[in-house]
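Reading through the structure tokens given below for one structure.
Derivation of every value follows stated rules applied to the coordinates shown; laboratory data play no part. Here the structure is a predicted model, which is why all the values come from computation and not from measurement. Here the Cβ is made from the backbone with ideal geometry for all residues, glycine too, and neighbour counts use every protein chain on show.
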Amino acid sequence: MLKDGFFHKTKDSKRNFDTNVKDILWTELIEKTDKPKCPNPTNNSKCKKYLTYENAQVDHKYPWSKGGSSKKIKNAQLLCSSCNSSKGNKY
């Protein structure tokens, strides 16, 4: 979108990733290691360290509230539920 001579990025109307994104990310992670760890991006002291499929949540690397896309899988990562809830809209 062009406004006042500048390109403005429009926010995705859909906040959540498609339901199959978790499966795709989990499959890629399991192909690399049989004991996947949470990346703990904010040094959360309550991090659950090892991810299970059940406690893994799909998170936006670049926050949706700041224009991060829910349509691009490269903007998705798996975090444990504790890290995802404590991360908020941080990068």
Looking only at Cβ-Cβ distances, which cysteines of the chain have no other cysteine closer than 4.7 Å?
47, 83
Please list 3J(HN,Hα) in residue order for the stretch 36-41, calculated via the Karplus relation 6.51 cos²θ - 1.76 cosθ + 1.60 where θ = phi - 60°; whole Hz, with x for glycine and proline.
x, 10, 5, x, 6, x
Determine Rg/Rh for the chain; Rg is computed over alpha-carbon atoms and Rh is the Kirkwood hydrodynamic estimate from the same atoms.
1.05
Amide H of residue 44: which non-local residues (sequence gap of 5 or more, or other chain) have their own amide H closer than 5 Å, using H built in the peptide plane?
none
Could you list log10 I(q)/I(0) for the stretch 40-91 at q = 0.29, 0.31 Å⁻¹, which the Debye formula gives when each Cα is one point scatterer?
-1.14, -1.22
Folded to 0 to 90 degrees: helix 20-32 orientation relative to the chain principal axis, Cα
50 degrees
What does the helix-only formula give at 222 nm for the chain: each DSSP H stretch with n ≥ 4 adding -39500 (n - 2.57), the total divided by the residues, and the result rounded to the nearest 500 deg cm²/dmol?
-6500 deg cm²/dmol
